[in-house]
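Reviewing the structure listed below.
The values are calculated or read from the model by the stated rules, or taken from the named source; none is laboratory data. The structure displayed is predicted, hence computed values, not measured ones. Note that we place each Cβ from the backbone using ideal geometry, even for glycine, and neighbour counts take in every protein chain shown. Protein only, heavy atoms only, side chains kept; ligands, DNA and RNA dropped before computing areas. Shrake-Rupley method; radii C 1.70, N 1.55, O 1.52, S 1.80 Å.
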Amino acid sequence: MTQTAPRTKLTLRAREAIAGWLFVSPITIGFLIFFVGPLIAVVGYSLTEWNLLTRQSTFVGMDNYVDALSQNPDFWHVLKNSLVFAAGLVPLNMALALTLAIALSRPFRGVVIFRTIFFAPVVTAAVAWAIVWSFLLQGESGAVNQMLAVVGIDGPNWLRHPDWAMFAVIVTRVFKTVGLNMILYIAALQSIPRDYEEAARLEGASGWQVFRLITWPLLAPTTLVIMVITVVGSLKVFDHIYLMTGGGPENGTLVLAFYIYEQAFEFFNVGYAAALAVILFVLIVALTITQVILKQRSQPQ
Amino acid sequence: MTRFHSPFVRACWYLSLAILAVPFVFPFLWMLSGAVKPQAEIFSSSLSLMPKTWRWENYAEVFSYQPFARQYFNSLYIATVVTAGTLFLSSLAGYALARIRFAGSGLLLLVLISALMMPEEVTIIPNFFLMKWFGLMNTHAPLILLPMFGSQGVMATFLMRQYFMALPPELEDAARMDGLSRFGIFWKVALPLSRPALAAVGIITFLFSWNLFLEPLVFLSDIELFTLPLALSNFTDAYGLPLWHLQMAATSLAVIPILIVYIAAQRQIVESFALSGVKG
């Protein structure tokens, strides 16, 4: 008895380990093949000059990165576009999401209908949303410009005008995605105990003071999560650009994710496109790490 | 219930919400309206939602212009396969990561979490050559494999793990006493208890696959194999200009069934997305 007891314990543990690895192996193997492998490969590709048309691949070291960062004027233009897109989309999206959430977090007659409406674009295919908005935003006969004409405004050809295309894509993208952030904010608002507000009200705090001193600080963790999701989402935007502007006019909406696609699958510059993908990867990792640091810093309070 | 101070305040409240709702509702209405208008009427400057002439033939033409029924079926079956596969693999792995103690599980979890945020644009180039090497170009295999094993599959695994973590382990004790294997416990006890999580993951995964655009664009060239999002972008005339009346008819055929399901199961669907956002 005394001899076999430890052995059975060991075999039980071994059995558990085998079961554990068997359970995770399908997803782990697939993940290694279709995610980790490609992630390593893309770094390798980025060190080569590889053109699909000439079918030649030569090792060029950091040339693609040097090319992107110092030779090719397109890269900085594209990066600027991506940052403009993010800088426009993120605050607009979050401000609207919070406003809607505050309006819709407490029950009133019809609140479910309004929540359903603002969330509907989230379940709608991005492609469908982009197509319908392209239809609405046409120059002459588009519904938006006809509505503007009613109040005497002569609207531009939104998606073909260098000054307006980026704005139009950002705003329609906000309409597509704001519902998700709204729902996250509503969940967070509803988890704040009502006593806090009532106590502050009894002390004579105004509605704005309650929001600034109680609600907003308590929403901080949610705000952080939403910010990271939204920033990353804005950096990977592809289908809206592809369908609404094709990166134009005058490359005015050419953003990083679209540029990667274009370089790889339309111009066949595999090495250069891979270097761009690595840069996108680094950008996103940096942002995620920043989030973790910010989160840890905000916790002790 | 929120009480309004006066009828005037209430009127202002509903009016401002209604105005805010316009850009969220009007696109759907204008889509439905364009779908049954003749092309000439679309280009006339009319803001009327009601067509002067109803042209139901638009819907018929959608199916003759390209193999739309086939493309619709492609989207449906791919989303179903991806959802079923993801549910099985992610619950299996999520269960092990939550319940079974084995060497390397912590590290594996960390690696998986780090992939949660990674967009497919980063790995699409090597995956293109991988699929070419496997001989899977211009097939549906990449559209099934990449969501299942990419960041979407990882997200599903993570959500399932979080759910299993919250299940009381005592629930499994009786099954263990009966001598059930780990898989038996997972299949007969844990999985039936995780229906809410499976529903949430299933909904998100189905919609993710249904809406996928970059992968079909990169991997498919045969129009018979197209999925809906790719097919929708394809209603153009000889000059590459959009045929709006067909485009709107096709888009409404793709969007309306999803919207009906969404409205019917509104609470469940919204909660599923809230869950993925909170955990992600």
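Suppose we filter A:LEU189, A:LEU224 for residues that are in contact with a Lys or Arg (Cβ under 7 Å, 6 or more places away or on another chain), touching a residue at least 40 places away in the same chain (Cβ under 8 Å), in the same structural domain as A:LEU280 (by TED's automatic domain parsing) and part of a helix (DSSP H, G or I); which single one remains? First the steps, then the outcome.
Details: A:LEU189 fails: in contact with a Lys or Arg (Cβ under 7 Å, 6 or more places away or on another chain).
Going through A:LEU189, A:LEU224 in turn, the sole match is A:LEU224.
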Report summary line: Counting only residues that are within 21 Å of B:LEU130 (Cα to Cα) and among the aliphatic types (A, V, I, L, M), the stretch A:237-278 contains a total of 10
Report task. Give me a count of the residues in the stretch A:101-146 that are more than 18 Å from A:LEU189 (Cβ to Cβ), polar (S, T, N, Q) and more than 8 Å from chain B (Cβ to nearest Cβ). Result -> 2
Requested in this report: For A:PRO73, indicate whether it is surrounded by fewer than 20 Cβ atoms within 10 Å (Cβ to Cβ), modelled with pLDDT of 95 or more and more than 14 Å from chain B (Cβ to nearest Cβ).
Outcome: no
Report task. For A:LEU159, state whether it is farther than 30 Å from B:GLU271 by Cβ and either at pLDDT 95 or above or open to solvent by less than 20 Å² (accessible area, probe 1.4 Å) (or both). Result -> yes
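B:ILE204: among the β-branched types (Val, Ile, Thr) and open to solvent by 50 Å² or more (accessible area, probe 1.4 Å), yes or no? Show your work before the answer.
Working: among the β-branched types (Val, Ile, Thr): yes; open to solvent by 50 Å² or more (accessible area, probe 1.4 Å): no.
The answer is no for B:ILE204.
Okay, residues lined up against (1) farther than 19 Å from A:LYS80 by Cβ; (2) outside the structural domain of A:THR177 (by TED's automatic domain parsing); (3) part of a helix (DSSP H, G or I); (4) open to solvent by less than 40 Å² (accessible area, probe 1.4 Å):
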{"position": "A:VAL232", "(1), (2), (3), (4)": "no, no, yes, yes"}
{"position": "A:GLY248", "(1), (2), (3), (4)": "no, no, no, yes"}
{"position": "A:LEU280", "(1), (2), (3), (4)": "no, no, yes, yes"}
{"position": "A:LEU287", "(1), (2), (3), (4)": "no, no, yes, no"}
{"position": "A:LEU294", "(1), (2), (3), (4)": "yes, no, yes, no"}
**Report entry** One residue from A:ALA97, A:ALA165 being open to solvent by less than 10 Å² (accessible area, probe 1.4 Å), away from every other protein chain (no Cβ under 12 Å) and on the phi < 0 side of the Ramachandran plot
**Finding:** A:ALA165
Query raised in the report: Would it be correct to say that B:LEU107 is open to solvent by 40 Å² or more (accessible area, probe 1.4 Å), at pLDDT below 95 and not in a helix (DSSP H, G or I)?
Result: no
Query raised in the report: Can you list the helices (runs of 4 or more DSSP H) found entirely within the stretch B:166-280 that contain at least 2 residues being facing chain A (nearest Cβ under 9 Å) and not aromatic (Phe, Trp, Tyr)?
Result: B:195-211, B:214-219, B:228-232, B:244-264, B:266-279
Query - Within the stretch A:45-69, considering residues that are small (Gly, Ala, Ser) and either assigned by TED's automatic domain parsing to the domain that holds A:LEU256 or surrounded by 13 or more Cβ atoms within 10 Å (Cβ to Cβ) (or both), the one modelled with the lowest pLDDT - result: A:SER57
Query raised in the report: Is it the case that the stretch A:84-91 has a residue that's out of contact with any strand residue (DSSP E or B) (no Cβ under 9 Å at 6 or more places or on another chain), in the same structural domain as A:LEU283 (by TED's automatic domain parsing), under 26 Å from A:PHE258 (Cα atoms) and without any contact (Cβ under 8 Å) to a residue 60 or more places away in the chain?
Result: yes
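In this structure, does A:GLN301 turn out to be away from chain B (no Cβ under 11 Å), over 22 Å from A:PHE167 (Cα atoms), outside any loop (DSSP other than H, G, I, E, B) and modelled with pLDDT under 90? Break it down into steps so the answer makes sense when it comes.
Working: away from chain B (no Cβ under 11 Å): yes; over 22 Å from A:PHE167 (Cα atoms): yes; outside any loop (DSSP other than H, G, I, E, B): no; modelled with pLDDT under 90: yes.
Here the answer is no, as A:GLN301 does not meet what is asked.
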Requested in this report: Exactly one condition in (1) outside any loop (DSSP other than H, G, I, E, B); (2) open to solvent by 80 Å² or more (accessible area, probe 1.4 Å) is not met by A:ARG106; state its number.
Outcome: (1)
Report task. Give the number of residues within the stretch B:130-145 that are within 11 Å of chain A (Cβ to nearest Cβ), of a type outside the set (A, V, I, L, M) and buried (at least 16 other Cβ atoms within 10 Å of the Cβ). Result -> 1
Query raised in the report: Inside the stretch A:250-262, can you point out the residues that are among the charged types (D, E, K, R) and either touching a residue at least 40 places away in the same chain (Cβ under 8 Å) or in a loop (DSSP other than H, G, I, E, B) (or both)?
Result: A:GLU250
